[in-house]
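Enquirer: This structure is in structure tokens; I'll ask about it shortly.
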Amino acid sequence: MIYTIKDSLDPLADYLKDDPVRPHIPYEQRFGSNRAVLALTDNNAVKAVVCTRLCSSIPTSEEELLLDNSDNPDTAVFYTIWSYDAGAGRQLILEALRYVKANLPTVTRFITLSPPTEMARKFHLKNGAGIYRENSDTVNYIYK
């Protein structure tokens with residue numbers, strides 16, 4: 001089940017401390033307009049977490065991601081994901097895609113802002129993404 005962590009006061013917000021990719025992004029930059037933190041839960045246990053930003057462009061860097069405050073976003077950018085159980089990251093990314101498509105019809109692109117690591121590459125390619133663009137410090141994978 002997808003659970004939306006609404007703000008830093010949410011009981012599940014404490015899971016953000018486990019972010020292995022971008023732990024330095026402050027909590028207040030993860031919540032608010034055009035931002036969502038989604039958790040995959042099962043019987044009240046958190047299985048995986050993904051942080052998402054809605055943008056009007058495809059960011060090539062974390063700075064671009066955090067500066068995009070468009071009133072008309074058309075791109076969901078998954079910029080960090082981690083799991084606590086084998087297979088939960090895959091399940092979460094696929095459910096997050098369905099969730100965004102069902103709840104935000106103006107969003108038509110689904111992109112990542114991933115580190116240029118072999119682990120990220122294997123994860124996204126195995127889960128149906130393709131390489132959209134390789135940047136100096138990041139890789140954008142695209143989901144359909």
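Enquirer: Using alpha carbons only, how many angstrom separate the centre of segment 86-142 from the centre of segment 36-60?
Expert: The distance from the Cα centre of segment 86-142 to that of segment 36-60 comes to 11 Å.
Enquirer: For the chain, what is the mean residue ellipticity at 222 nm derived from helices alone (per DSSP H run of n ≥ 4: -39500 (n - 2.57); sum divided by total residues; nearest 500 deg cm²/dmol)?
Expert: -6500 deg cm²/dmol
Enquirer: Something else now. When a/c reaches 1.5 or more, the comparison of a/b and b/c decides; with that in mind, is segment 4-43 rounded, prolate or oblate per its Cα gyration tensor?
Expert: Here segment 4-43 falls in the oblate category.
Enquirer: With N denoting the number of residues in segment 68-144, provide Rg(C-alpha) divided by 2.2 N^0.38 Å, to two decimal places.
Expert: 1.09
Enquirer: Against the globular-protein guess of 2.2 N^0.38 Å, express the Cα radius of gyration of the chain as a ratio, rounded to two decimals.
Expert: Rg over 2.2 N^0.38 Å, computed on Cα atoms: 0.95.
Enquirer: As an exercise, use a Förster radius of 41 Å and the Cβ-Cβ distance of residue 17 and residue 72 to find the FRET efficiency, rounded to the nearest 0.05.
Expert: Calculated value: 0.80.
Enquirer: At 1.4 Å probe size, put 24, 124 in order of accessible surface, largest to smallest.
Expert: 24, 124
Enquirer: To the nearest 0.05, how large is the calculated FRET efficiency for residue 9 and residue 137 if R₀ is 35 Å and r is the Cβ-Cβ distance?
Expert: 0.60
Enquirer: Using the basic label-point model (7 angstrom from Cα toward the beta carbon), what is the residue 122 to residue 107 distance in nanometres?
Expert: Going by the 7 Å Cα→Cβ label model, 2.8 nm.
The values are calculated or read from the model by the stated rules, or taken from the named source; none is laboratory data. Small disclaimer: the values here were computed from a predicted structure and weren't measured. No Cβ is skipped: glycine too gets one built from the backbone with ideal geometry, and neighbour counts run over all protein chains shown. All accessible areas refer to the heavy atoms of the entire protein, side chains included, with ligands and DNA or RNA removed. Shrake-Rupley method; radii C 1.70, N 1.55, O 1.52, S 1.80 Å.
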